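Student: Structure incoming, see below.
The values are calculated or read from the model by the stated rules, or taken from the named source; none is laboratory data. All values reported here derive from a predicted model rather than from experimental measurement. Glycine also receives a Cβ, built like all others from the backbone with ideal geometry; neighbour counts cover every protein chain displayed.
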Amino acid sequence: MTETLAAGASADGLLVDKQRMAFELDGGIAERAAIGVIVLGSDQTIEHEFRRIFDIPGVAFYESRIHNANEITPETLKAMEAGIADCTARILPGLPLDVVAYGCTSGAMVIGDDKVAARVHEARPGVACTTPMAAAFAAFKALGCRRIALLTPYVDEINQAMRAHLQAGGLDVPVMGSFNEGDDRKVGRISPASLSRAALELGASETVDAVFVSCTALRLVEVVAGIEAELGKPVTSSNHALAWHCLRLAGIDDPLPQHGRLFTCALA
């Protein structure tokens, strides 16, 4: 350590100027896991819900924003593929990440999980990668559920494509419902109480054993435990499943029952 002592007060009042002071390094706020999240430019919700769930010492998430159109159509969703690699590269350049998540459910469905992973790996070769769709399939496998009630905010063209996608992945979707709102700016303001009512109504069907609330803009995390208690069935959402999948892929197996049944499960 170098210490320079002024003989008296300098013109700017500096009396002591210490250089190269001793310090120690610890593991930082991401000592256990560093998770990167690509967030839609229009998304008002995902960071808020991830902060609620990732209140775990040593676990941190870091995000970048990807440009998207406010109107949700297959064409606008597909257009996001071109920006995924660049957004991945912007997250903690030069520092390791354990997982990278692409935070758009319908976008992942339209682009395809394999293509999302390929674009992520252009910037982060070999990193674990997930999307809300991949996370949902992993969640229902872990929960042992396969007959799903689907709740979305989307227009019907997206709804029908999502139902077909879930069924192609081995899930049955005999019940579905939608708010049919095409503007992502409004979707982020749909109240948790509205989600609760809709999830309880759809999930009450005897033909389903779980509920999936699709869209990272919808706020389920704060009400999921209450819905499950009333419904008696597992409930998850895009953000809820994605956060769980990120933790499990990063090797964080802490049970968090306050966030619902899924957060007591390991990867299956």
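Student: Filter segment 212-223 down to the residues that are among the β-branched types (Val, Ile, Thr) and either over 14 Å from Ser194 (Cβ atoms) or touching a Phe, Trp or Tyr at 6+ places or on another chain (Cβ under 8 Å) (or both) and list them by number.
Tutor: Passing the criteria: Thr216, Val221.
Student: Moving on to the next point. Would you tally the residues in segment 94-118 being surrounded by 24 or more Cβ atoms within 10 Å (Cβ to Cβ) and not hydrophobic (A, V, I, L, M, F, W, C)?
Tutor: 5
Student: Could you please give the count of residues in segment 204-231 that are assigned to a loop (DSSP other than H, G, I, E, B), touching a residue at least 60 places away in the same chain (Cβ under 8 Å) and under 29 Å from Leu40 (Cβ atoms)?
Tutor: The number of residues fulfilling the criteria is 10.
Student: Give the residues of segment 56-82 that are surrounded by fewer than 20 Cβ atoms within 10 Å (Cβ to Cβ) and modelled with pLDDT under 95, sorted by residue number. Walk me through it before giving the result.
Tutor: Applying the first criterion (surrounded by fewer than 20 Cβ atoms within 10 Å (Cβ to Cβ)) to segment 56-82 yields 56-58, 60, 62-65, 67, 69-71, 73-76, 78-79, 81-82.
Selection gives His67, Ala69, Asn70, Glu71, Thr73, Pro74, Glu75, Thr76, Lys78, Ala79.
Student: Among the residues of segment 176-197, write down those that are at pLDDT 95 or above, of a type in the set (A, V, I, L, M) and in a helix (DSSP H, G or I).
Tutor: Ala193, Leu195
Student: Has segment 166-187 got at least one residue that is crowded, with 19+ Cβ neighbours inside 10 Å, among the β-branched types (Val, Ile, Thr), in contact with a Phe, Trp or Tyr (Cβ under 8 Å, 6 or more places away or on another chain) and within 29 Å of Ala266 (Cβ to Cβ)?
Tutor: no
Student: Could you grab me the full set of residues in segment 190-203 that are more than 21 Å from the chain's Cα centre (by Cα) and in contact (Cβ under 8 Å) with a residue 40 or more places away in the chain?
Tutor: Ala198, Leu202, Gly203
Student: Is at least one residue of segment 121-132 more than 19 Å from Glu75 (Cβ to Cβ), surrounded by fewer than 24 Cβ atoms within 10 Å (Cβ to Cβ) and touching a Cys at 6+ places or on another chain (Cβ under 6 Å)?
Tutor: Taking every residue of segment 121-132 in turn, none turns out to be more than 19 Å from Glu75 (Cβ to Cβ), surrounded by fewer than 24 Cβ atoms within 10 Å (Cβ to Cβ) and touching a Cys at 6+ places or on another chain (Cβ under 6 Å).
Student: Checking the condition within 21 Å of the chain's Cα centre (by Cα) and over 20 Å from Phe263 (Cα atoms), which residue from Met162, Met176 passes?
Tutor: Result: Met162 is the single residue among Met162, Met176 that is within 21 Å of the chain's Cα centre (by Cα) and over 20 Å from Phe263 (Cα atoms).
Student: Would it be correct to say that Thr88 is free of Cβ contacts under 8 Å to residues at least 60 places away in the same chain, closer than 30 Å to Ser191 by Cα and of a type in the set (Ser, Thr, Tyr)?
Tutor: So Thr88 does not fit the description; no.
Student: Report yes if some residue within segment 176-185 is touching a residue at least 60 places away in the same chain (Cβ under 8 Å) and among the aromatic types (Phe, Trp, Tyr); otherwise report no.
Tutor: Within segment 176-185 (the criterion being touching a residue at least 60 places away in the same chain (Cβ under 8 Å) and among the aromatic types (Phe, Trp, Tyr)), the answer is no, since none of the residues qualifies.
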